[in-house]
Every structure is written in C-alpha cells, then in structure tokens.
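One structure is given below, encoded as structure tokens.
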Amino acid sequence: MAEQTRIAVMIDGSYFNRVSNYYKFEHHTGRRVSMTGLLDLIRAATADMEDVPRARARVVAAHYFRGRYTLRDLEDRARSPNFVEESLRNDRVFDQILAASNITSHYTRIDTIADPPKEQGIDVWLALEAFDLAVSDRCDVVALVAGDGDFVPLVKKINAIGKRALVVAWGMKSETGTEVRYSASLAGTAAYFLDMADLIDNPRGDEQLDLVDQLFVDN
C-alpha cells in the first residue's frame, strides 16, 4: 500500500480574501471560493504531484491567518449606523465556516496608526506555525495559499529539511483593473506550484472540471 502523504494547509487570509472577492465581483463565475472546496482541490492536486492515490493524501492540519480590527477600531471607522453590527456578524459567520471546515483561525490586531492600516506580524506567525509543523515531522507537504515573496525564506527552510512546499496562488487581472498577483520567486522556489487562475479558467478533463465547480460556494 502506498505511503500516506500528510498535508498542512497554511492560508494567508488577506490574500485569500482578495481572491474570493475577485471571483465574486470581477469574474464571470460570480461566486466566492469555498474553504472545503479549496482543501479538497489541494488534496487532489498534492496526491497527483506526489504520485500517490488520492485516498492516501490527507489534510492533517489547516490554518488561516489574518489581521482584524478591534471593536473600538470598527466603531472609529463606522461609515453607517449598521456598519459595526454587520462587520461583527460577517466575522462570526466566517468563523463558523472555518470551524465547519476544520480550519484553525489565527488573528492579530490591525495597526490603525499606520497609513494605510496594516496587519501586525501575521506573516511571521504563519511562517513559524508552518515551519513548526514541518520540522516536527507532522506533515510531508506544506501547502501555502499565498503570493507574497516574503515567504520565500520559509519555502527554502522547508526544502532544506526534506519536506515539500506547494505554493497555491493566483495571477489575474480583470477588465476594470483589479489584480491579484503572486511572486515568481515564491512559485519558483517551491517543490510544487499550483496555478489556480489557469486551472479555474482552463480545466483539463471532467475530473478537473468537477474540482473547479466544487471550489466555489453555491449562490
């Protein structure tokens, strides 16, 4: 029997949000990306890249990292009477989606003093958690849903200890000028690279077509 391939999925939440917004508002699909659909596609793609049966490829850990505004920050930034209530409700709904998908969430406070506001240390946190999973032999493949070139040192470290990094990223631009990018250095450093924009727009065969359809939330 083929050896099991253990996959740890690490999601850059800000990057994922830009991707999901793109498909909802800028792409003909008009739907958001499904967390469970994303995990299933990563598992199937990893099995193919690792040359193991798909039944032997398992997502053993999944983590989501993003900065968040505090309640006080939301109140200070309120643009309408219902802004705070709607923001908190959206956060709660998304937390429920992560929990239902068995994805562990990690949040840091957004630095509102910076102009524009920015996340505090979230990339470092993601990198530390990812490397800990790899160096402690709790996974074989680290699937990094991200496009930032700042993650290149992480990928090199994963390579150095004999594990494999899979970069899952999108590169696309809408007619209105909205862009989602990824670092070519990040993609080139990883053992595996999954070009999601190409896969979604040009699925090869019925199997990929089914995976792509399941990648999006039903409206």
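We did not get these values from a lab; they are worked out from the coordinates using the rules stated. None of the values given here were measured: they were computed from a predicted structure. All Cβ positions, even for glycine, are placed from backbone atoms using ideal geometry, and neighbour counts span all protein chains on display.
Some values worked out for this structure:
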quantity	calculated
Antiparallel %, DSSP beta bridges [both residues in the chain], to 5	15
Relative contact order computed over region 96-219 (Cα-Cα under 8 Å; 6+ residues apart), in percent	17
Check: region 1-148 dipole with +1 on Lys, Arg Cβ and -1 on Asp, Glu Cβ, in debye	500
Per-residue [θ]222 nm for the chain (sum of -39500 (n - 2.57) over DSSP H runs n ≥ 4, rounded to 500)	-13500 deg cm²/dmol
Listed residues D137, D91, D206, most fluctuating in the chain (Gaussian network, C-alpha, under 10 Å)	D206
Charged-residue dipole, Cβ positions (Lys, Arg, Asp, Glu), region 89-145 about Cα centre, Debye nearest 20	260
Highest-fluctuation residue, G30, G67, G177 considered, GNM on the chain with Cα pairs under 10 Å	G177
Trypsin sites (Lys or Arg not before Pro) restricted to region 85-174 and DSSP loop, no more than 16 other C-beta within 10 Å	R138
Normalised contact order of the chain, rounded percent, pairs of Cα under 8 Å and 6 or more residues apart	26
Three-way shape call for region 1-152 based on the alpha-carbon gyration tensor, with the a/c threshold at 1.5	prolate
For region 98-219, radius of gyration divided by Kirkwood radius, i.e. Rg to Rh on alpha-carbons	1.00
Members of K118/K157; K24/K118; K24/K156 lying beyond 31 Å, as alpha-carbon distances in this model show	K24/K156
